[in-house]
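**Student:** Below are the structure tokens for one structure; questions will follow.
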Amino acid sequence: MTDALTKRFRDVFSREPEFLARAPGRIEFIGNHTDYNGGPVLGAAINRNTWVALARRNDGVRRFASDSRKGVTELAVAEMERITGAASWINYPLGVLVALRDSGVGAPGGLDYMASSDVPMGAGLSSSAAIELASCLVFLEAAGKSVPREELVALGRQAENQFVGVPCGILDQGVSGFGVKDRLVHIDCRFPTFSTVPLPSGSNFWIFNTHTKHALIDGLYATRHAECMEAAKAIGVALLVDATPAMLAAAETRLSRPAYKRARHVIDEIARVERTVEALRAGDLSAVGKLLLASHRSSRTWFENSSPELDFLVDALEVEKGVHGARLTGGGFGGAVMALTADSFGREGVARVSEAYIAKFGSKPEIIHALTEDGATLVKAGP
């Protein structure tokens, strides 16, 4: 990928890039919408990455390009407002530049910027966090700055929350930043703190991307976020991580029905995450699989962020030999399903599930056999 990106950079900008960085997409393993509620979450960085190449300019101009889109967008360094239309993808790196400026770390001036990615967009695999972290790494190098890994992921989240406008928690950027091969990232989102949990050998991730709608910024994510905050306020806690099932039951009559349902899911999901950590440490993949299935059913029933396509895939995967469990991955409202499987589930099982999906919905899901990957990395630092 580095050679292809360097060639593309050279073709577009007629010079060599000075800095290269990559950041992985991620699987939300379990912990659906727990992160911005202060709870724990488990995720895995995967071997699908966004790559960013950059070279500095001294004329106060920033030029942005992507290998998946035609043309170059040129902005003056002072232009730091959100972009609409075909070039709106630039809001992710632009948001990072704004976060670097506003946090006092400092942003580079003029630059030529090129992005390339094989993280599917809209699949719930966090292509947005990948481009934010890869961008942040090259921007820091270009500005001659460095920050701890915790601050790197915080800057990415700040860009997404305050500039792009998605009120996500730290899951996406945290897993992309702290990923370790053959391990899952455990985030206690209250603080946040980051650690890893071994992934038992023989574990496989199969992702079924439905290519159905997954536009978090369209308001569904923000609505769920607001409902969770409403529930916490009515219960009398700052965040739902501090609520118990008994506290929720006592507050039920004071809650709107949607707020009650969101809180029911989040409180139960927080407990499922911790039980999953225990099962993983014990190497009990059967127990893990049951928790994944319970998580999906809770997302469908209580958080109402599943879809007919996602439900069909989970049900089809559950009865396949070698599948421990499956659930939607990411924000929901479409996107993808993740299956945790043994080695015995392979292309034949994938084909059966895919063919059943085609018969039901008339379209073919994109299939990704994902491997765990290390987190965001600077690949080239200077000429």
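The values are calculated or read from the model by the stated rules, or taken from the named source; none is laboratory data. Computed from a prediction, not measured in an experiment: that's the story for all the values here. We place every Cβ from the backbone using ideal geometry, glycine too, and count neighbours over all the protein chains shown.
**Student:** Out of Arg281, Arg262, Arg257, which single residue is of a type outside the set (A, V, I, L, M, F, W, C), closer than 25 Å to Arg327 by Cα and buried (at least 21 other Cβ atoms within 10 Å of the Cβ)?
**Tutor:** On the way: Arg281 fails: buried (at least 21 other Cβ atoms within 10 Å of the Cβ); Arg257 fails: buried (at least 21 other Cβ atoms within 10 Å of the Cβ).
Going through Arg281, Arg262, Arg257 in turn, just one is of a type outside the set (A, V, I, L, M, F, W, C), closer than 25 Å to Arg327 by Cα and buried (at least 21 other Cβ atoms within 10 Å of the Cβ): Arg262.
**Student:** A further question follows. Please list, ordered by residue number, the strands (runs of 3 or more DSSP E) wholly in region 304-383 having 3 or more residues that are touching a helix residue (DSSP H, G or I) at 6+ places or on another chain (Cβ under 9 Å). Give the derivation first.
**Tutor:** Details: elements: 323-329, 336-341, 366-370, 377-381.
Correct list: 323-329, 336-341, 377-381.
**Student:** Follow-up. I'm checking my understanding of the structure. Among residues of region 334-383 that are surrounded by fewer than 20 Cβ atoms within 10 Å (Cβ to Cβ) and of a type in the set (S, T, N, Q), which one is modelled with the lowest pLDDT?
**Tutor:** Only one residue fits best here, namely Ser344.
**Student:** Right, another one. Limited to region 20-50, what total is found for residues that are of a type in the set (Phe, Trp, Tyr) and crowded, with 24+ Cβ neighbours inside 10 Å? Walk me through how you get there before you give the answer.
**Tutor:** Going residue by residue through region 20-50, those that are of a type in the set (Phe, Trp, Tyr) are 29, 36.
Then keep just the ones that are crowded, with 24+ Cβ neighbours inside 10 Å; that gives 29.
Adding up the residues that qualify gives 1.
**Student:** Quick one: which of Glu151, Glu160, Glu141 is surrounded by fewer than 21 Cβ atoms within 10 Å (Cβ to Cβ), part of a helix (DSSP H, G or I) and either at pLDDT below 95 or on the phi < 0 side of the Ramachandran plot (or both)? Talk me through it step by step, then tell me what you get.
**Tutor:** Numbers: Glu160 fails: surrounded by fewer than 21 Cβ atoms within 10 Å (Cβ to Cβ); Glu141 fails: surrounded by fewer than 21 Cβ atoms within 10 Å (Cβ to Cβ).
Glu151 is the lone residue from the list that is surrounded by fewer than 21 Cβ atoms within 10 Å (Cβ to Cβ), part of a helix (DSSP H, G or I) and either at pLDDT below 95 or on the phi < 0 side of the Ramachandran plot (or both).
**Student:** Looking only at region 347-363, filter to residues that are small (Gly, Ala, Ser) and without any contact (Cβ under 8 Å) to a residue 12 or more places away in the chain; which one of those is farthest from Gly325 (Cα to Cα)?
**Tutor:** In this case the residue turns out to be Gly362.
**Student:** Of the conditions (1) in contact (Cβ under 8 Å) with a residue 24 or more places away in the chain; (2) closer than 28 Å to Thr196 by Cβ; (3) under 25 Å from the mean Cα position of the chain (by Cα), Glu309 fails just one. Which one is it?
**Tutor:** With (1) in contact (Cβ under 8 Å) with a residue 24 or more places away in the chain; (2) closer than 28 Å to Thr196 by Cβ; (3) under 25 Å from the mean Cα position of the chain (by Cα) applied to Glu309, the lone miss is (2).
**Student:** Go through the residues of region 163-170 one by one and say whether even a single one is touching a residue at least 12 places away in the same chain (Cβ under 8 Å) and closer than 24 Å to Ala381 by Cα. Before the answer, list the steps.
**Tutor:** Start the filter on region 163-170 by keeping residues that are touching a residue at least 12 places away in the same chain (Cβ under 8 Å), which leaves 163-170.
Narrowing the set further to residues that are closer than 24 Å to Ala381 by Cα leaves none.
Checked region 163-170: no residue is touching a residue at least 12 places away in the same chain (Cβ under 8 Å) and closer than 24 Å to Ala381 by Cα.
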